[in-house]
Structures are given as structure tokens and as C-alpha cells.
Amino acid sequence: MFVMRGIAVSLTFLFLVYAGWSLLIALGWKAADRLREISAKTRANLLFWLRISPWLVSTAIILTLVVPAYVRLEPRSVEEDIALPVVLGLACLSLLGMGIVRVLNAHRSSALVVAEWLNDANTLDSLDTGVTAKTYQTRQEAPPLTLVGLCAPRVVVSEATLSVLNRDELRVAVQHELAHMRSRDNLKKLAFHCCPFPGMAALEDAWHEAAELAADDQAVSSMGEALDLATALIKLTRTMPVRTAPAFTMALIDGNGSVSHRVQRLLSWQDARIAPHPDWIYLIPPALLAFLVGIATYGPALSRIHTLTELLVR
């Protein structure tokens, strides 16, 4: 009974913290999105961590506070009514199940579409295209350029795209998709599906927009390449239908982003010097401070968490 009560209490806290933190993110993420002066890559990373933070925060609280407080301070022999924790624990399990179902459905639908695209696909000849990364030519009706796959992502190019873009335009367009590959953006989209909560669609769209701008920035290193990529976007938008990409893919153009804004940025391209330090280095001081404060207040925090547990089961 002690173990079952502990599981119910842990799941209850997981559900409450996850729901509360998700609500705060859904209501307040635009405050972080207004930081337009930061780079597109930094903004994309910030929005990604905000989106998955409910699971990270709730799991960290359960493992570092709730479970230790329960094991250390809860009497083994006490019989308590755990009806409410059981109900909320079942709600937490339902939330977990919803995330699993979302991932499986999205993966199945994406896999079916990608399998159709890759049917009879051929590897592009780098001598003819100037593309050194392994890239696959798909059928005429496939999207122009798309990064597909989770664990072993690949770039696929439609036959129609090869007839529209010249050698330089194709090369820089593929570099855009390879930037998505290096950022593991398909895996990030999978992580989003694991964190179901109403009202998060706008945040995910903002992340997608920032990720596209970041990939544009990483794909070009000169004004000539920026013009090539802008020309590729214009040509493909004008000559091919724009479709919404499957869940676990990143398309060069799809129905979720503004191509005109990307083209304007590329036409006004300026050499962006690489920052001397990675973005995460600025998180070290506040993380160290939080760690020290956590050590100093860990004992009292466990007592307060146990008090909340007692209130919950009474």
C-alpha cells in the first residue's frame, strides 16, 4: 500500500505541475518571442525548450522533491484515503497515453507518405548537381525539397525541382535542409508530439518559423548564396503547389511559413559573425546559482512538499 500510494501521489504531482506549467507557457511564451534582436537560431532554441519545458520541469520536480520527500517522511503504516490521488494519477496516465498515441499516429502517417515519395528514388549524381551530401531524387509529384526521417534523416528532391533550379540554387537549397538535419529538427517535432496540451499550436508555429530562418542563415555564407536561395524559393513557390509537410519532415517550402519574409531577409543579407561563445554558456551563472540555492534549501523544501502531499490525500 505504501508503494501504491507513492505512485499515485507522484503521478498526481506530475499531472498538476505539468498542467500548471503548460498553462503558463501557453499564456506567456509571446513575451520571449518578442526578443527579435536575438538570432533566429537562438530564438528557435528558446522556443523549443519552452515548448518541452512542462515535461522537463514536472519530471525534475517529481524525481528530486516529491519522491524523496515521500520516501523519507511518509510513515509506512499509515492508512489514508487516496481517492483523489488515484483520480489525478489516472488523468496523468491518460495524458501520457495521449502523447504516445499522437506520436504513433504522426509517425505512421509520415512514414506512409515518405515511403511513397522514396518509391523508386535514385541518388543524385554530385558531379551533375554540385551537391556533395547524399540526396535522393523522387517522383515528379513529390514536394520540392524535404528532410525526411528521424534517426537517419535524408534529403529528398523532386524531379520537378531539378528542372526548375540551376546548379547553384539546388546546392544552397540542399544546404538549407542539411541545416535542419544538423539541428535535429525532425526529432524536435517528435518531442512536441510527446507534450500534448491545448493552446500550444501558436508556439509550435513560431518555432517552425524561427527554425526555417535559422536554416536559411546557416545555409548561406555570402551574398551570392543568399540570392541563390532567395531565387530558389521564388521559383519553387511560383511553379509548384505549396503543401503542408507531414509531421516528422522539414520542407524547404510548405504551408506553415511566410516565404516572402524569408526572401526579404535573404535579399538584405549581411554577414553575421559567429558569436564567440555558444548560446548555452549564458545559462551557466543562473543554473549554478539555482543549484546552490537548491542545496541550501533542500531539507525545508522536502518538508513543504510532504505537507502538500498530506493535504492532497486527506
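The values are calculated or read from the model by the stated rules, or taken from the named source; none is laboratory data. A quick note: this is a predicted structure, and the numbers were derived from the prediction, not measured. Here Cβ is always computed from backbone atoms with ideal geometry, including for glycine, and neighbour counts include all displayed protein chains.
List of remarks:
- Only residues that are at pLDDT below 90, in a loop (DSSP other than H, G, I, E, B) and exposed (fewer than 15 other Cβ atoms within 10 Å of the Cβ) were counted in the stretch 222-267, giving 6.
- Subset of the stretch 181-201 (residues that are in a helix (DSSP H, G or I) and either in contact (Cβ under 8 Å) with a residue 60 or more places away in the chain or within 14 Å of Phe48 (Cβ to Cβ) (or both)): Ser183, Asp185, Asn186, Leu187, Lys188, Lys189, Leu190, Ala191, Phe192, His193
- Residue that is modelled with the highest pLDDT, among those in the stretch 13-27 that are within 18 Å of the chain's Cα centre (by Cα) and among the small types (Gly, Ala, Ser): Ser22
- Single unsatisfied condition, Phe192 versus (1) in contact with a Ser or Thr (Cβ under 9 Å, 6 or more places away or on another chain); (2) at pLDDT 90 or above: (1)
- Selected residue (criterion: surrounded by the fewest Cβ atoms within 10 Å (Cβ to Cβ)) from residues of the stretch 106-130 that are outside any helix (DSSP H, G or I) and at pLDDT 65 or above: Asp120
- Residue match in the stretch 77-96 (condition: charged (D, E, K, R) and in contact with a Ser or Thr (Cβ under 9 Å, 6 or more places away or on another chain)): no
- Restricting Leu65, Leu47 to residues that are crowded, with 18+ Cβ neighbours inside 10 Å and more than 21 Å from Pro196 (Cα to Cα) narrows the list to Leu65.
- Any chance Leu150 is surrounded by fewer than 23 Cβ atoms within 10 Å (Cβ to Cβ) and in a helix (DSSP H, G or I): no
- Close pairs (7 angstrom Cβ cut-off, 6 or more residues apart or separate chains): touching a residue at least 60 places away in the same chain (Cβ under 8 Å) in the stretch 163-180, aliphatic (A, V, I, L, M) and part of a loop (DSSP other than H, G, I, E, B) anywhere: Leu170/Val131; Val172/Val220; Ala173/Leu165; Ala173/Leu252; His176/Leu252; Glu177/Leu252
- So Leu213, is it surrounded by fewer than 16 Cβ atoms within 10 Å (Cβ to Cβ) and in a helix (DSSP H, G or I): no
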